[in-house]
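The structure appears right after this line, and notes come after that.
The values are calculated or read from the model by the stated rules, or taken from the named source; none is laboratory data. Keep in mind it's a predicted model, so treat the numbers as computed, not measured. Glycine also receives a Cβ, built like all others from the backbone with ideal geometry; neighbour counts cover every protein chain displayed.
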Amino acid sequence: MSDNGPTRDRLADAAGRLFQERGYAATGLNDILALAKAPKGSLYHHFTDGKEGLAIAAAKQAGARFLDTIRDDAALSRDSADMIVRFAGRLAGWLEQSDFRLGCPLATLTLEQAAVSDRLAETLSQIFASWQDALAERLETDRLDAGRSEALAGLALCSIEGALILARARRTSAPVRQAANTLAGIIGDEIRLRPA
């Protein structure tokens, strides 16, 4: 990998972490440079479109890591209900380890900037869609039809995203675990009642 790759990746990673914790508006470029241990001129060298371009790169990087986590948990699970509980357990653990400072890697950025930046909104929309698609693919392996899998994946994504926000506000991972257990019950029933 060239010298440019690691610096660009470090900048995107640092921006993503700070946006996740503090939000877009509260994160200064100097904060990002300091966390990335990057020289001042490197930001505009790697991101000619400035903070917006950096936010897009950070969202893509964080979104890809989160997608990998979904796929890893899907592969390790006996069925979709088990996968939801496993995945939510991992998220709950991350929340607890961060002292409830870090929830969904894209939630704060989405809430602050999706209505402001069309480019960023489109990127975020595509990332959330990829997460929902991965959940739907796992549901389809349990022989649920594509339409029902998509609907249940959407419900799971919305429930877990909402639970992550509640968990941060209440400073307990209980909402994430409760949402997962409820979803697992619904999904488990769907799997048991599917046509043979």
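Brief remarks on what is shown
- Within the stretch 5-62, tally of residues that are exposed (fewer than 14 other Cβ atoms within 10 Å of the Cβ) and polar (S, T, N, Q): 2
- Qualifying residues in the stretch 40-52 (those that are in a helix (DSSP H, G or I) and not aromatic (Phe, Trp, Tyr)) - the one nearest to residue 18 (Cα to Cα): 51
- Which numbered condition residue 95 fails, given (1) farther than 30 Å from residue 140 by Cβ; (2) surrounded by 15 or more Cβ atoms within 10 Å (Cβ to Cβ); (3) of a type outside the set (Gly, Ala, Ser); (4) modelled with pLDDT of 95 or more: (1)
- Near pairs, Cβ below 7 angstrom, 6+ apart or cross-chain, from the stretch 21-35 (under 20 Å from residue 114 (Cβ atoms)) to any residue that is outside any helix (DSSP H, G or I): 21/101; 21/102
- Residue within the stretch 149-164 that is more than 27 Å from residue 21 (Cα to Cα), in contact with a Leu (Cβ under 8 Å, 6 or more places away or on another chain) and among the polar types (S, T, N, Q) present: yes
- Among the residues making up the stretch 98-109, a single one is modelled with pLDDT of 95 or more and hydroxyl-bearing (Ser, Thr, Tyr): 98.
- Taking the numbered list (1) touching a His at 6+ places or on another chain (Cβ under 8 Å); (2) hydroxyl-bearing (Ser, Thr, Tyr); (3) free of Cβ contacts under 8 Å to residues at least 12 places away in the same chain in turn, residue 44 passes all entries but (1).
- Those helices (runs of 4 or more DSSP H) of the stretch 53-164 in which 2 or more residues are farther than 22 Å from residue 26 by Cβ and in contact (Cβ under 8 Å) with a residue 40 or more places away in the chain occupy 80-97, 118-141.
Here is a yes/no grid of residues against (1) among the hydrophobic types (A, V, I, L, M, F, W, C); (2) at pLDDT below 95; (3) under 25 Å from residue 168 (Cβ atoms):
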{"position": "49", "(1), (2), (3)": "no, yes, no"}
{"position": "61", "(1), (2), (3)": "no, no, yes"}
{"position": "72", "(1), (2), (3)": "no, no, yes"}
{"position": "85", "(1), (2), (3)": "yes, no, yes"}
{"position": "121", "(1), (2), (3)": "yes, no, yes"}
{"position": "133", "(1), (2), (3)": "no, no, no"}
{"position": "138", "(1), (2), (3)": "no, no, no"}
